[in-house]
Structures are given as structure tokens and as C-alpha cells.
Amino acid sequence: MLSKKTKYGIKAIVYLAKQEDRTPVQIATISKEEEISLKFLESILLTLRKNGLLGSKKGKGGGYYLLKEPEDINMANVMRVLEGPIAMVPCVSLNFYERCDDCPDESTCAVHSLMEQVRDNTLEIFKNTTLADLANQ
């Protein structure tokens with residue numbers, strides 16, 4: 001299940017992507033427009049900034065803004081920043097692989113095989129969906 005952190009993070013960056021002039025937007029504005037707790041949103045936007053998706057400007061006219069064009073931001077990157085691994089189990093994760101303690105042989109494990117397919121299909125959707133796609137819906 002998608003965490004609220006990820007859901008709100010996506011809502012916030014879609015909001016930023018819809019800003020035509022690309023000027024910084026105050027957290028309070030995003031919070032109000034998207035109905036997200038201000039404190040929670042501050043934490044989410046900070047995570048996105050630390051991971052190179054957002055920039056910020058202090059002072060008058062300050063706020064958060066996208067560092068790249070929306071069409072250059074794919075959702076696989078956003079999901080990994082906010083949610084962590086895309087795979088549902090660690091034994092099929094491409095970036096966070098861990099062997100399952102209860103699995104004697106991954107090559108014959110039905111769960112492993114199924115979860116690889118789920119990962120691959122999910123990853124394909126995330127890789128082929130950009131922030132621009134979401135902002136233009």
C-alpha cells in the first residue's frame with residue numbers, strides 16, 4: 001500500500017509542476033491547496049530537496065521549486081526517494097536486494113517468480129510515467 005508520505009509527496013510535486021512560471025511556491029500554499037498537514041509536508045519536501053528533485057529559496061518570494069523540467073522527472077525516481085524499494089519483497093529488489101531468510105532456493109520459489117513479474121511491470125509503468133504526464137491529466 002502506498003504510504004501517505006508518498007501520496008502527499010506526489011501531490012506536492014504535481015502541484016509544483018503545474019506552476020507555469022516555475023517560481024518558488026511557499027509550503028503553506030501547497031499545504032492549503034492540496035490539503036496536506038504543514039508539518040508533514042515540510043518533512044516530505046525536505047526529503048525531495050535533499051535527493052535533488054526540488055530546490056528551495058529563502059526569504060521574500062521564497063519557497064520550493066522543481067530543479068528539472070517535469071518531463072525529465074520519471075516516477076520511478078520519485079517513488080524510490082519517497083517510498084524506498086519498488087519491489088514488494090527484498091529478494092527481487094534491484095537497488096535494495098536482500099536474500100529472504102525463509103527461502104532455500106530463489107530459483108524455484110513461486111513467490112520470488114511472481115514478485116519479479118510484479119516488480120518488472122510496476123517499474124515499467126513508473127519509468128514510463130513522468131511528472132509532466134501526471135500534471136497534464
| From phi via Karplus (6.51, -1.76, 1.60), per-residue ³J(HN,Hα) for region 19-30 in Hz, x at Gly/Pro | 6, 5, 8, 6, 7, x, 10, 5, 4, 4, 5, 4
| remark: Among GluC sites (Glu not before Pro) in region 25-65, those in a DSSP loop whose Cβ has at most 13 other Cβ atoms within 10 Å are GLU35
| message | Per residue of region 101-115, what does 6.51 cos²θ - 1.76 cosθ + 1.60 with θ = phi - 60° give for ³J(HN,Hα)? Whole Hz please, x for Gly and Pro, Karplus curve as stated. | response | 5, 9, 10, x, 8, 4, 5, 10, 7, 5, 5, 4, 4, 4, 5
| query | At 222 nm, what helix-only mean residue ellipticity would the chain give, in deg cm²/dmol to the nearest 500, using -39500 (n - 2.57) for each DSSP H run of four or more? | reply | -15000 deg cm²/dmol
| note | Scalar couplings 3J(HN,Hα) for region 62-67 by Karplus 6.51 cos²θ - 1.76 cosθ + 1.60 (θ = phi - 60°), nearest whole Hz, x for Gly and Pro, are x, x, 10, 8, 6, 7
| request: Using a cut-off of under 19 Å, list every residue of region 34-72 whose amide N is near the label point 7 Å from the Cα of LYS7 along the Cα-to-beta-carbon line. | output: 34-45
| query | Working out 0.36 nm times the residue gap between GLU35 and LYS57, then minus their Cα-Cα distance, what length gain in nm do you get to one decimal? | reply | 5.7 nm
| message | In whole Å, what are the extents of the chain along the principal axes defined by its C-alpha atoms, from largest to smallest? | response | 59, 28, 23
| said: Take HIS112 and ALA28, extend 7 Å from each Cα along the Cα→Cβ direction, and tell me the distance between the two endpoints in nm. | reply: 5.5 nm
| said: Could you report the chain's accessible area per residue, 1.4 Å probe, as an integer in Å²? | reply: 62 Å²
| message | Multiplying the sequence separation of CYS100 and ILE125 by 0.36 nm and subtracting their Cα-Cα distance, what value in nm do you get? | response | 6.4 nm
| task | Would you look at the GNM of the chain, springs on alpha carbons closer than 10 Å, and say which of PRO70, PRO90, PRO104 moves the most? | result | PRO104
| field | Partner lysines for LYS127 [C-alpha distance under 25 Å; skip if fewer than 8 residues away on the same chain] | value | LYS4, LYS5, LYS7, LYS11, LYS18, LYS50, LYS68
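Taking 0.36 nm per residue of separation and subtracting the Cα-Cα distance, what length does fully extending GLU69 through SER43 add?
Contour length minus Cα-Cα distance gives 7.1 nm.
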| Rounded if a/c under 1.5, otherwise prolate or oblate - region 4-66, Cα gyration tensor axes | rounded
| remark: Of the convex hull drawn through the C-alpha atoms of region 33-82, the volume per residue in Å³ is 101 Å³
| Relative frequency of Cα-Cα separations exceeding 20 Å in region 67-137, percent | 38 percent
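The values are calculated or read from the model by the stated rules, or taken from the named source; none is laboratory data. None of these values were measured; they are calculated from a predicted model. Note that we place each Cβ from the backbone using ideal geometry, even for glycine, and neighbour counts take in every protein chain shown. Quick note on the areas: whole protein, heavy atoms, side chains included, nothing else; ligands and nucleic acids left out. Shrake-Rupley method; radii C 1.70, N 1.55, O 1.52, S 1.80 Å.
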